[in-house]
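The values are calculated or read from the model by the stated rules, or taken from the named source; none is laboratory data. Bear in mind the structure is a predicted one, so any value in this text is a computation, not a measurement. Cβ placement follows ideal geometry from the backbone for every residue including glycine, while neighbour counts extend to all protein chains displayed. Heavy atoms of the whole protein, side chains included, go into the accessibility calculation; ligands, DNA and RNA do not. Shrake-Rupley method; radii C 1.70, N 1.55, O 1.52, S 1.80 Å.
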Protein chains: 2
Amino acid sequence: MLSVSTNIPTREIIEEAHARIRPFIHKTSVLTSHTVNEISGAEVYFKCENLQKIGAFKIRGGMNAVLQLNEEERQKGVATHSSGNHAQAIAYAAREVGCKAYIVMPENAPEIKKKAVAGYGAEIIFCKPTLQAREEALNEVVERTGATFVHPFNNYHVIAGQATAAKELIEEIPDLDSILTPVGGGGLLSGTALSVHYFSPKTIVVAGEPEGAQDAYLSLQEGKIVSAPYIKTIADGLLTNLGDKTFPLIQKYVKSIVTVTDDEIIAAMRLVWERMKVVVEPSGVVPLAALLKEKEIFNGKKVGIIFSGGNVDLGNLPF
Amino acid sequence: MLSVSTNIPTREIIEEAHARIRPFIHKTSVLTSHTVNEISGAEVYFKCENLQKIGAFKIRGGMNAVLQLNEEERQKGVATHSSGNHAQAIAYAAREVGCKAYIVMPENAPEIKKKAVAGYGAEIIFCKPTLQAREEALNEVVERTGATFVHPFNNYHVIAGQATAAKELIEEIPDLDSILTPVGGGGLLSGTALSVHYFSPKTIVVAGEPEGAQDAYLSLQEGKIVSAPYIKTIADGLLTNLGDKTFPLIQKYVKSIVTVTDDEIIAAMRLVWERMKVVVEPSGVVPLAALLKEKEIFNGKKVGIIFSGGNVDLGNLPF
């Protein structure tokens, strides 16, 4: 049952998750860029989850969770709080399986994300933009409807789903020296770390994180989950703290976290849009910014980067 | 010899061109979009030449022309006038074969295009932004250097190269009811029409053209090459008149030309960037704007669209 999965995903669980969600997701393209290779000195393969359904990898975890609802749970629907891509993932997944989705969003969420969630037929519950208001609104919805809460990252079904992006990349491009992802709550990073552990154990996992939301970097240093000292970054998908399910996996399997400034994020984003011709959101280019910042480490290496998403407000670009 | 190819490309010539340029170009991805299919009522396949080397299909024609220089011509180099993607194509192709490229560009060309051409090692000759100044500068360069002039579109080697984009699309997605391209000077459109004629004769070819540069539309109506009554469009790759090699092919093999406004072009561009997550330049989305404008014609049809390029000045976006 969805709400009681307390086991770290095994190799088999990730394989099952992949088989379960495959009919509902894209096997996304892997792109290369001569320019990026020249600038970085590495041989870089970009897994384009910005070209994924809903424009982000989040559909993998959301779909895997929603597909495991039993009949009774399905009738009551699913709920989550998110202003971002997870909201769209749950709304989309619920529509695919024919159940209701209740999405708690802060009133000030970007219009494009509100529209997308509503477009998938979900019921949106607006709340004040605070963590407390968000949790209260979610609890109220769950109590009223009996819907199953699918956490954006601190959920093993979600983690197993996110793990399938790196699994596909490893299957298509073997022998990667490193894989880089962004880190927010750690769902993609911990899933990637698990897939690397099972399917490509010689590969090193590194994360990029904004300096203005460096909770994961500090948590690894201090050996416990801590918050960022301040939050100020354009990478609005990476603001949350790690969870008690994602943190231990990151502690165990992730080599290091590289923090980058907003200027570095914007420069990487511009490089990707201008030279690779794909729309990647600020959070999604953070691992490329990390690679370019620490390029001597990756010089001559074969590196995979997960472009996590491409949902950008075109009315509010940094260039 | 390059400058004297006076024959309309045959099926074999296009096949040879494809074999010749294949090592130097990408076989670009074909993308689909659930959203575009819903909005248009058609089943649309996008051939992503924005993801091509130099960010545009132009490398196909440029490469095919430059690869056919004989040894003596190669030593003297190639020359062209272009402020756009053809300039980059010739500069890139020349570098690949190890010959000099002389590119005449108007002083006011976008910085990003100047930088790209210079980055490929070409010599740029700046001129006043008039057709006369451009031609004079080109003649001067050709006289001084003996370089071979490669016209941006009115050249059968170039047309045969551009034809390979539609050839690849037809090979990957058979049984298309229609293929839509933009039309500027007509190199891509006439090449596409030839490939369709040889490799998929039941497919209909339609072009999209900006209302503010509607020379091709009017030329088809009047049965001779005419200029647009005024030039005013965001689609800066589509400003030129047809040539005496492209026009007869378009007359013979193209079903119709749909003109679209800049507002329609910008709306299509926004749709592509927001939902498909790829960077396509205004000229490149013109055929999609045409499809959306005339969607009842394409309703229920299987349609191919060539996204011709993705070279956009990010500092000067229409949204």
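Kindly evaluate B:G191 against the criterion of being in a loop (DSSP other than H, G, I, E, B) and open to solvent by less than 10 Å² (accessible area, probe 1.4 Å).
Working: in a loop (DSSP other than H, G, I, E, B): no; open to solvent by less than 10 Å² (accessible area, probe 1.4 Å): yes.
In short, no.
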- Where residues in region A:1-51 are part of a helix (DSSP H, G or I) and hydroxyl-bearing (S, T, Y), which of them is farthest from the other protein chains (Cβ to nearest Cβ)? A:S3
- Query: Somewhere in region A:292-304, is a residue closer than 19 Å to A:P210 by Cβ, surrounded by 24 or more Cβ atoms within 10 Å (Cβ to Cβ) and touching a Phe, Trp or Tyr at 6+ places or on another chain (Cβ under 9 Å)?
  - Reply: no
- Query: When you go through (1) of a type in the set (A, V, I, L, M, F, W, C); (2) out of contact with any Gly (no Cβ under 9 Å at 6 or more places or on another chain); (3) in a helix (DSSP H, G or I) one by one for A:I125, which number turns out not to apply?
  - Reply: (3)
- Query: Any idea which of (1) touching a helix residue (DSSP H, G or I) at 6+ places or on another chain (Cβ under 6 Å); (2) within 14 Å of chain A (Cβ to nearest Cβ); (3) open to solvent by 50 Å² or more (accessible area, probe 1.4 Å) is the one B:G309 doesn't satisfy?
  - Reply: (3)
- Message: Taking the conditions exactly as written (under 30 Å from B:D313 (Cβ atoms) and touching an Asp or Glu at 6+ places or on another chain (Cβ under 9 Å)), does A:D262 satisfy them or not?
- Response: yes
- Query: Within the set of pairs 6 or more residues apart or between chains, which connect a residue that is in contact (Cβ under 8 Å) with a residue 40 or more places away in the chain inside region A:204-216 to a residue that is small (G, A, S) and part of a loop (DSSP other than H, G, I, E, B) with Cβ atoms less than 6 Å apart?
  - Reply: A:P210/A:A235; A:Q214/A:A228
- Item | Enumeration of residues in region A:278-306 that are in a loop (DSSP other than H, G, I, E, B) and within 8 Å of chain B (Cβ to nearest Cβ) | A:V279, A:V280
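I need the full set of residues from region B:39-58 which are within 19 Å of B:I173 (Cβ to Cβ) and not aromatic (F, W, Y), in order please.
Selection gives B:S40, B:G41, B:A42, B:E43, B:V44, B:K47, B:C48, B:E49, B:N50, B:L51, B:Q52.
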- So which of A:A133, A:A166 is in contact (Cβ under 8 Å) with a residue 60 or more places away in the chain, of a type outside the set (S, T, N, Q) and either in contact with a Phe, Trp or Tyr (Cβ under 9 Å, 6 or more places away or on another chain) or under 25 Å from A:I234 (Cβ atoms) (or both)? A:A166
- Task: Considering only residues that are under 20 Å from the mean Cα position of the chain (by Cα) and part of a helix (DSSP H, G or I), look in region B:107-122 and name the one that is nearest to the other protein chains (Cβ to nearest Cβ).
- Result: B:I112
- Of the residues in region A:211-233, those that are outside any loop (DSSP other than H, G, I, E, B) and out of contact with any Asp or Glu (no Cβ under 7 Å at 6 or more places or on another chain) number 8
- Give me a count of the residues in region B:234-267 that are farther than 18 Å from B:L188 by Cβ and not in a helix (DSSP H, G or I). 2
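Looking at B:G237, B:G212 in this structure, which one is buried (at least 18 other Cβ atoms within 10 Å of the Cβ) and at pLDDT below 95?
B:G237
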- Query: Identify, please: which residue in region B:53-81 is open to solvent by less than 10 Å² (accessible area, probe 1.4 Å) and among the polar types (S, T, N, Q) and is, among those, farthest from A:M276 (Cα to Cα)?
  - Reply: B:T80
- By residue number, the members of region A:21-32 that are open to solvent by 70 Å² or more (accessible area, probe 1.4 Å) and either under 15 Å from A:Y156 (Cβ atoms) or more than 18 Å from the chain's Cα centre (by Cα) (or both) are A:P23, A:T32
- Message: Scan region A:242-264 and tell me whether some residue there is small (G, A, S), within 14 Å of chain B (Cβ to nearest Cβ) and touching a residue at least 24 places away in the same chain (Cβ under 8 Å).
- Response: no
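Can you tell me which residue among B:R275, B:R270 is in a helix (DSSP H, G or I), within 14 Å of chain A (Cβ to nearest Cβ), open to solvent by 50 Å² or more (accessible area, probe 1.4 Å) and at pLDDT below 95? Quick ask: steps written out before the conclusion?
Values: B:R270 fails: at pLDDT below 95.
It is B:R275.
Select from region B:125-141 the residues that are surrounded by fewer than 16 Cβ atoms within 10 Å (Cβ to Cβ) and hydrophobic (A, V, I, L, M, F, W, C) and list them in ascending order.
B:F126, B:L131
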- Message: For region A:82-106, give me each residue that is surrounded by 24 or more Cβ atoms within 10 Å (Cβ to Cβ), in a strand (DSSP E or B) and of a type outside the set (G, A, S).
- Response: A:Y102, A:I103, A:V104, A:M105
